[in-house]
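*Asks:* Sharing a structure below in C-alpha cells format, with a few things to ask.
The values are calculated or read from the model by the stated rules, or taken from the named source; none is laboratory data. Owing to the predicted nature of the structure, the values given are computational and were not obtained by experimental measurement. Cβ atoms come from the backbone with ideal geometry, glycine included; neighbour counts cover every protein chain shown.
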Amino acid sequence: MHFIEAIKLAIESIHSHKLRSFLTLLGVIFGVATVIVVVSLIEGFNKYVDEKIANIGTNAFSVQQFAIEDFASLDALNEARKHNKEIRMEDLEALRARVGQGVIKDVGAQEETMCELKSGKETLIGVSLQAITGNIIEIQNKEIAEGRPFSQAEELSARPVCFVGADVADRFFPTRSAIGQTIKIDGRPFEIVGIAKSLGSVFGVSRDKFVSIPMSTFLNVYGGRRSFQLLVASTSPATYEAAVDEARVAMRTRRKLAPNEKDNFGIITPSAVNNLRDKIFGTIQVVAVGVTSIALVVGGIVIMNIMLVSVTERTREIGIRKSLGARRKDILRQFLVESTIQALAGGAVGVSIAWGLSKLVSTLTPIPTSLPMLAVAVALGVSGGVGLIAGVYPAWRAAGLDPVTAMRAD
C-alpha cells in the first residue's frame, strides 16, 4: 500500500464517522488551543518587555540609584536603599567628562514625577512630567511627529518650553496644531515646541500622556534634592560592553570605592531587564505550558481508545485486506496514518481557535499577545506526534490479526 493510498483511506474513514471523529479530536483541539493561547500570551509579554520596557535607546544603558537585581526581592531593595547613594548632577558631569575619549558617545539625565496640565478649561491630571537634558530625545531615539526638541540655548537659559506626548496634544488641541501653544504645568505657563510620535500603551497604560521640560527649568522650579537617572550611549554596538565598563569605572572612581567594595549604584541594560524577567517569570512560564500540555496527553489517550474500538469494528475488513495480499506493514501504515491525520486535523483546528482567541484578547483587553510561526509549527508537530504514538498499539494489534480468524468475525 502506497502512502498516498493510506492517506485516502484514512480520510474516507474519518469522513464516514464525522461525529465520532470530531468528539475524538476535542481533546487534541482544546489541548493545542490552550497551549497556543498560553504561549501567545507569554510571547506577547516578552515582546512588550523587549520593545517597550527593556528598550532604553540605541546602544544605550542607564545609571541609577538601584541595580536591576535590587528589585528581585523586598529585602534586596531595602538593603540597597541603605547602601546606595542618590545619583546627582555631579555624576552626570563626571560621565560627560568621558565623552569623546573612546567608547562613550553621549550622556544625558532625566527625572520623572507627576503633574497637572491645564489649557483653557481643559485639565489633565496624573500626567508624567519628565525633566530631561536636551540630548535624551536623541539617546532614546524618540521620534518627533511635529516641531523640534529643546535647543541648547533654551536648556542653558532654563526657558519655560516643553515637548509633549501625542495624548496631551490631542486632548488640548484636537483641531489645530499644538506647536507654539501655551499650557500650564502645575500652574506655570510653558510653550509647546515639539510633539512626540505616538508610542501606544503598555498593559493598558498610555505612553503618550507625558510632558518633557528642560532639566535646568525643572531644577529651578522643583529643586534638585532628588536622585536622577543617567542615560549613556556607546559609540557603536561593538563598544557597548566597553562603555558599560567605562561608566562603572567612572562612577566607582568618583565615589572612591575600594576594589573589594560592591557598587553603590545600578547600571541597567536591556539584557539585565530580560534576565530579571526570566528569573521571575521563567518558572511560571514553564509550569503554565507544562500544565496545559496535559490536555494533549488526554487527547492522545482518547485517540488510542477510539482507534482500538475502530480495530474491533473493522476486524472483518482487515481480514479481507490481508487475504487479498495486504502485508502486515500495510495494515500498520493504514492505522498509523489514520490516527496521525486525526491528530493533525485537531491540531490545525486548535491553532485556528487559539489564533482567534489571541486576536480577541489583544483587541478587547490591554493584554498583549503574539503568535510566532515557530509555536504553530511545533504545535502541529506535537499534535501529529501524539496521534502517531497513540496509534502505535492499535495499529500493531490490527496488523497482528490472523486473516482467517478476522474474516470469521461478526
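*Asks:* Those residues that are surrounded by fewer than 20 Cβ atoms within 10 Å (Cβ to Cβ) and closer than 16 Å to I144 by Cβ, I need them from segment 174-190; list them, please.
*Replies:* The answer is S177, I179, G180.
*Asks:* Inside segment 175-205, can you point out the residues that are hydroxyl-bearing (S, T, Y), free of Cβ contacts under 8 Å to residues at least 40 places away in the same chain and in contact with a Gly (Cβ under 9 Å, 6 or more places away or on another chain)?
*Replies:* Of the residues in segment 175-205, the ones hydroxyl-bearing (S, T, Y) are 175, 177, 182, 198, 201.
From what's left, free of Cβ contacts under 8 Å to residues at least 40 places away in the same chain: 175, 177.
Within segment 175-205, just S177 meets the criteria.
*Asks:* Further, regarding this structure: What residue, of S323, S339, S293, is of a type in the set (G, A, S) and either in contact with a Ser or Thr (Cβ under 6 Å, 6 or more places away or on another chain) or at pLDDT 75 or above (or both)?
*Replies:* That would be S339, the only listed residue that is of a type in the set (G, A, S) and either in contact with a Ser or Thr (Cβ under 6 Å, 6 or more places away or on another chain) or at pLDDT 75 or above (or both).
*Asks:* With the condition kept exactly as written, say whether any residue in segment 130-138 is out of contact with any Phe, Trp or Tyr (no Cβ under 9 Å at 6 or more places or on another chain) and either at pLDDT 90 or above or loosely packed, with under 14 Cβ neighbours inside 10 Å (or both).
*Replies:* The first filter runs over segment 130-138 and keeps only residues out of contact with any Phe, Trp or Tyr (no Cβ under 9 Å at 6 or more places or on another chain), leaving 135-136, 138.
Subset that is either at pLDDT 90 or above or loosely packed, with under 14 Cβ neighbours inside 10 Å (or both): none.
Checking segment 130-138: not a single residue is out of contact with any Phe, Trp or Tyr (no Cβ under 9 Å at 6 or more places or on another chain) and either at pLDDT 90 or above or loosely packed, with under 14 Cβ neighbours inside 10 Å (or both).
*Asks:* Restricting attention to segment 114-154, which residues are acidic (D, E), assigned to a helix (DSSP H, G or I) and over 11 Å from P214 (Cα atoms)?
*Replies:* Once the filter is applied, which keeps residues that are acidic (D, E), assigned to a helix (DSSP H, G or I) and over 11 Å from P214 (Cα atoms), segment 114-154 yields only E138.
*Asks:* Name every residue in segment 353-375 that is buried (at least 16 other Cβ atoms within 10 Å of the Cβ) and at pLDDT 75 or above, in order of residue number.
*Replies:* Keep residues of segment 353-375 that are buried (at least 16 other Cβ atoms within 10 Å of the Cβ), which gives 353-355, 357-358, 361-362, 368-371, 375.
Residues satisfying the conditions are I353, A354, W355, L357, S358, V361.
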